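See structure below.
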């Protein structure tokens, strides 16, 4: 495996673990502070296609996302995307964190908007360079609850990479993704449920009458 890919995998693993532990802690703290707002945590994977103004090629790849809605309208989200054009060894890798706003829920549909900040790593064609840039992100999408524990979503991001070495005017990629996420605290699929047999109460044998004293 390429050394860059190894480093990316280690960073992604760290993000997943810190996100799960950190957001789970927030959810637990929120549940302790108020019984009516326990929070809504989900973790998912997505597939994305980006139109980057750096190249005429469309970049494709996978990503990870997690969100925690701590109230009816507000939440936080973290995203990771790895998009590339392997034939010319070009990729754009992004790490993002920010807030999201949910105007209203429509049954199983949940529209949302998000504003994020992060770092974008550009690997120039044929490994000519590898530079990280600060970036701002605006976007939104809609989630659909297939099951109480399973959500799918369509998401769009407009990314604004700030200028830096090799990018005199920055970058403005447009990214669309389709994802699927597991929603915590909303039951579990039947395949993951353990069905233990119920223990029957133990019946005591009736006691024999005591013989009369002679």
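The values are calculated or read from the model by the stated rules, or taken from the named source; none is laboratory data. This structure is a prediction, so every number in the text was calculated from the model and none was measured. Here the Cβ positions follow ideal geometry from the backbone for every residue, glycine too, while neighbour counts run over all protein chains shown.
Please specify each residue of the range 84-113 satisfying the condition of being loosely packed, with under 12 Cβ neighbours inside 10 Å, in contact (Cβ under 8 Å) with a residue 12 or more places away in the chain and in a strand (DSSP E or B). Working first, answer last.
Step one: filter the range 84-113 for residues loosely packed, with under 12 Cβ neighbours inside 10 Å, giving 86-87, 103-104, 106-107, 109.
Then keep just the ones that are in contact (Cβ under 8 Å) with a residue 12 or more places away in the chain; that gives 103, 109.
Answer for the range 84-113, where residues must be loosely packed, with under 12 Cβ neighbours inside 10 Å, in contact (Cβ under 8 Å) with a residue 12 or more places away in the chain and in a strand (DSSP E or B): just 109.
Pull up the range 32-51, narrow it to residues that are closer than 22 Å to residue 98 by Cα and modelled with pLDDT under 95, then point me to the one that is nearest to the chain's Cα centre (by Cα).
Restricting to residues being closer than 22 Å to residue 98 by Cα and modelled with pLDDT under 95, the top hit is 40.
Residue 110 - would you say it is closer than 15 Å to residue 140 by Cα and at pLDDT 95 or above? Steps first, answer last, please.
Working: closer than 15 Å to residue 140 by Cα: yes; at pLDDT 95 or above: yes.
Here the answer is yes, as residue 110 does meet what is asked.
Conditions tested, residue by residue: (1) crowded, with 19+ Cβ neighbours inside 10 Å; (2) modelled with pLDDT of 95 or more; (3) outside any strand (DSSP E or B); (4) more than 18 Å from the chain's Cα centre (by Cα).
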| site | (1), (2), (3), (4) |
| --- | --- |
| 140 | no, yes, no, no |
| 143 | yes, yes, no, no |
| 152 | no, yes, no, no |
| 177 | yes, yes, no, no |
| 181 | yes, yes, no, no |
| 186 | no, no, yes, no |
| 199 | no, no, yes, yes |
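Mind listing just one residue for me: the one in the range 68-78 that is in a strand (DSSP E or B) and without any contact (Cβ under 8 Å) to a residue 60 or more places away in the chain and, of those, surrounded by the fewest Cβ atoms within 10 Å (Cβ to Cβ)?
Going residue by residue through the range 68-78, those that are in a strand (DSSP E or B) are 68-69, 74-78.
Then keep just the ones that are without any contact (Cβ under 8 Å) to a residue 60 or more places away in the chain; that gives 68-69, 74-77.
Values: 68: 22, 69: 21, 74: 11, 75: 21, 76: 19, 77: 23.
Per the stated criteria, the residue is 74.
Might you check whether a residue that is free of Cβ contacts under 8 Å to residues at least 12 places away in the same chain and closer than 23 Å to residue 42 by Cβ occurs anywhere in the range 124-145?
Restricting attention to the range 124-145, the residues satisfying the condition of being free of Cβ contacts under 8 Å to residues at least 12 places away in the same chain are 128.
Filter once more, so that each one left must be closer than 23 Å to residue 42 by Cβ: none.
No - not one qualifying residue is present in the range 124-145.
All but one of (1) closer than 22 Å to residue 171 by Cα; (2) surrounded by fewer than 17 Cβ atoms within 10 Å (Cβ to Cβ); (3) over 16 Å from the mean Cα position of the chain (by Cα); (4) at pLDDT 95 or above hold for residue 55; state the number of the condition that does not hold.
In the conditions (1) closer than 22 Å to residue 171 by Cα; (2) surrounded by fewer than 17 Cβ atoms within 10 Å (Cβ to Cβ); (3) over 16 Å from the mean Cα position of the chain (by Cα); (4) at pLDDT 95 or above, residue 55 misses (4) alone.
Evaluate the following for residue 130: is it buried (at least 17 other Cβ atoms within 10 Å of the Cβ) and in contact with a helix residue (DSSP H, G or I) (Cβ under 9 Å, 6 or more places away or on another chain)? Before you say what the answer is, go through the steps one by one.
Numbers: buried (at least 17 other Cβ atoms within 10 Å of the Cβ): no; in contact with a helix residue (DSSP H, G or I) (Cβ under 9 Å, 6 or more places away or on another chain): yes.
When the stated conditions are applied, residue 130 does not pass them.
For residue 91, indicate whether it is farther than 21 Å from residue 48 by Cβ and modelled with pLDDT of 95 or more. Before you say what the answer is, go through the steps one by one.
On the way: farther than 21 Å from residue 48 by Cβ: no; modelled with pLDDT of 95 or more: yes.
Considered against the rule, which asks whether it is farther than 21 Å from residue 48 by Cβ and modelled with pLDDT of 95 or more, residue 91 comes out as no.
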